[in-house]
Amino acid sequence: MSDKEADGSDEHGESKVAVYAALCGNLAIAISKFGAAIYTGSSAMLSEAIHSVVDTGNQGLVLLGISRSKKPPDETHPFGYGMEIYFWSFVVAILIFGLGAGVSFIEGVEKLSHPEPISSFLTNYIVIALAIVFEGASWIIGLRQFNRQRGDVGLIRAVRRSKDPTIFTVLFEDTAALLGLLAALLGILAVQFFGWTWADGASSIVISVILALAATGLALETKGLLTGEATSGATVRDIRKLALEEDLVAGVNELRTMHFGPNDVLVAISLDFKDSASHDEIERVTSELEVRIRERFQGMGQIFIETQANEDHERLRRGEWPKSDVTTKGSAAPA
């Protein structure tokens, strides 16, 4: 991770490129899939059409989350609204599971119970081919944006570490869409060349399973962010190192971080200063340390630095501090 990064994308504008590409592609695909499903009577195509409608709505929700996350702090949200993007990404996961997977499963079961012939295989193949082109283009754009964030980190590890759900939401959806299209294609081919009328309904159930797995993965990734996830271990170690480089700092009692958005990190540090440090020196060091942290890492929204003797800090953590004995080595220096 570079010194200028804090686990998120540099700007929401980069994320929006992938989201807008996915929204436009899914809208065009949804219209063509519904037309093909109505014309041919394919259950798999109808499931794919519903999937594309859900994905289109999901991109709109992601854009809504990006917009709301930019609201400035106020009295009710003193740390801002950055977590809005995490909330709406979690809603997207619920919609993929509830609407996309649920409706596809019901449609597949219905078609298995009452199989019907497909009237035009060519129409389905044309629509699937167009959908693969659109979804593939959206997937490539999303992957390129994500690769800019992850650098040399492996793909799976980068998803786990990413604090910007807008990009990996697009990747999850587009990957599920491409796999769903493959399932639909195989189902229709089985009906045409083997006469397995049940294969169309079976492919709808396979699509529902794919969507359910994608929704589960997306929900698990956003849950950690929504419930207050720390920044990367490397960033925490580097911040600790910066603090210990100060000559007057005897040790770091505690260092905690929390993401309020992809580029909005809360940092809380408790420092133990040397006994020789004066009040003025403590104030100077805490101010200089905050500047150094902000210069080295992008997206540090709030930095709070507390000064406290290590033994006093440990007593407080154990709840053993008598109120009448409270003393301090220096005053806290909030950001």
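Rule-based calculations on the coordinates, nothing more; no lab input. Bear in mind the structure is a predicted one, so any value in this text is a computation, not a measurement. Virtual Cβ from ideal backbone geometry, glycine too; neighbours counted across all protein chains shown.
Taking the Cα centre as origin and putting +1 on Lys and Arg beta-carbons and -1 on Asp and Glu beta-carbons, what dipole magnitude results for the stretch 12-226, to the nearest 20 debye?
Details: 14 positive and 16 negative charges, 128 e Å.
It works out to roughly 620 debye.
Provide the three semi-axes, in whole Å and in decreasing order, of the ellipsoid equivalent to the chain as defined by the square roots of 5 times the Cα gyration tensor eigenvalues.
Numbers: eigenvalues 571, 63, 45 Å².
Equivalent ellipsoid semi-axes, largest first: 53, 18, 15 Å.
Quick one: compute the contact order of the chain, relative version, from alpha carbon pairs under 8 angstrom and 6+ residues apart, as a percent. Walk me through the numbers on the way to the answer.
Working: 557 pairs, mean separation 71.4, N = 335.
About 21 percent, as a whole number.
Would you mind pulling out the separation of the Cα centroids of the stretch 16-64 and the stretch 298-318, in Å?
Centre-to-centre distance over Cα atoms comes out at 49 Å.
Can you give me the Kirkwood hydrodynamic radius for the stretch 129-243, using every pair of distinct Cα atoms, in Å to one decimal? Let's see the in-between values first.
Values: mean 1/r = 0.0609 Å⁻¹.
So the Kirkwood estimate lands at 16.4 Å.
Sum up the charges of everything whose Cβ sits under 11 Å from the Cβ of L211, counting Lys and Arg as +1 and Asp and Glu as -1, but leave L211 out.
Numbers: positive: none; negative: E48, D55, E173.
Neighbourhood net charge equals -3.
Take the alpha carbon atoms of the stretch 182-260, find their center, do the same for the stretch 80-109, and report the distance between the two centers in whole angstrom.
A separation of 14 Å, based on Cα centres.
Provide, for q = 0.17, 0.22, 0.25, 0.31 Å⁻¹, the log10 of I(q)/I(0) from a solvent-free Debye sum over equal Cα point scatterers in the stretch 100-154.
Reported log10 I(q)/I(0), two decimals: -0.80, -0.94, -0.99, -1.03.
With axes computed from alpha carbons, what is the tilt in degrees of helix 165-194 against the longest principal axis of the chain, rounded to the nearest 10 within 0 to 90?
The angle comes out at about 20 degrees.
First measure r as the distance between the Cβ atoms of K70 and R294, then evaluate 1/(1 + (r/R0)^6) with R0 = 22 Å and state the FRET efficiency to the nearest 0.05.
For R0 = 22 Å, the calculated efficiency reads 0.65.
Place the peptides 90-101, 134-145, 229-240 in order of packing, highest mean first, counting for every residue the other Cβ atoms within 10 Å and averaging per peptide. Write down the numbers at each step before the final one.
On the way: 90-101: 21.2, 134-145: 19.6, 229-240: 16.7.
Listed from highest to lowest mean packing, they are 90-101, 134-145, 229-240.
With point charges of +1 on the Cβ of Lys and Arg and -1 on the Cβ of Asp and Glu, referenced to the Cα centre of the stretch 48-161, which listed residue (F90, I140, G100) lies farthest in the positive direction of the dipole?
I140
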